[in-house]
Structures are given as C-alpha cells and as structure tokens.
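Inspection log for the structure reproduced underneath, given as structure tokens.
Bear in mind that the values in this text are calculations on the coordinates, not laboratory data. Not measured: the values here are computed from a predicted model. Cβ placement follows ideal geometry from the backbone for every residue including glycine, while neighbour counts extend to all protein chains displayed.
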Amino acid sequence: MQYFLIFLAFLCGAVFPLQAGLNTQMTKHVEHPILTAFLSFFTGLIGLIIYAVIARIPLHTLANCRNAPWYVWFAGLLGAFYISTVIVLIPRLGFALTFGLIVAGQMAVSILFDHYGILDTSIREISLGRIIGAVFLIIGVILIRKF
C-alpha cells in the first residue's frame, strides 16, 4: 500500500505540468488567465460531480461544511491563486523553472508544517537530512535557471 501511495504522489506531481500546459493553451483561446482558471475549475467541478454520482458518495454530509472553521475556506482561493499564477508563469519562465520553484516553495513550507504539526498533522521534526534535501532542491532550481 505504501508503494501505491508513493506512486500516487509522484503521479500527482507529474500531472501538474500537463495541467499547466493545457491551461496555457486554453489561455490562447480565451485570452485571459483568470478565464482559463475559471474554466479549469468548472470542468474539475463537473468531473467531481460525475465521480461522486458514480462512486455513490453520500452528499448529505456536505451540509456539515457549516461547522468548518472559517479559515478552511481559503483552500479554494489558494487553488485559484495557484492555477492562475502557473498559467501566467509557464510562458514566461518555462515548465522546468516554474515547477522547480514551486517544488522548492512547497518543500520549504512543508518542512515547517511537519516540524510544527500545523493544521493538526503529526509532527516530523526538522533534521539535517531534511535541510540538506531542501538545499539540494534549491540548488537544482538555481541550476535549471542558469542552464
């Protein structure tokens, strides 16, 4: 099961550049990255609705969102920021540099989230190995930018 989860995480990362490229292509047609982001979320919503119906996910629990803390609603806004920003960056920075910087940013924040158990996650303390790994990621981004 652990190997499947690792593969799934890798696959998730692998589809981001494809999604970004497809969104960049859509922007050429609709002529604005925000409209493209809207269409991306709209088609994603349709896909999730279809999946929920096919998988028979109990939608009645959706009403429980009223009990969620106010700050969890920022997730959708952060997703919109991410999609819109990537659409703007890909044509200017290229795929490798854009996603290298994204992964470096994700890693830096993720290490802090792990260390402090932010958002009720289990604590995984910062270690020398984790810091070295993050530094290698940053060095990789610098090399991608330079060459």
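What to note about this one:
- Residues considered: G79, G129, G44. Largest GNM mean-square fluctuation over the chain, using C-alpha springs under 10 Å, is found at G129.
- Among L97, L35, L59, the largest mean-square fluctuation in a Gaussian network model of the chain, built with springs joining Cα atoms closer than 10 Å, belongs to L59.
- Student exercise, the chain dipole from Lys, Arg, Asp, Glu Cβ charges, in Debye to nearest 20: 200 debye
- For q = 0.25 Å⁻¹, Debye-computed log10 I/I(0) when each Cα of the stretch 1-64 counts as one equal scatterer: -0.99
- The stretch between S110 and V53 holds 17.2 nm of extra length on full extension. This uses 0.36 nm per residue minus the Cα-Cα distance.
- Net lengthening on full extension, Q2/I142 (0.36 nm per residue, minus Cα-Cα): 47.2 nm
- Prolate/oblate/rounded label for the chain (Cα gyration tensor, a/c 1.5): oblate
- Projecting the Cα atoms of G129, I111, Q25 onto the charge dipole of the chain (Cβ charges, centred on the Cα centre) puts Q25 farthest toward the positive pole.
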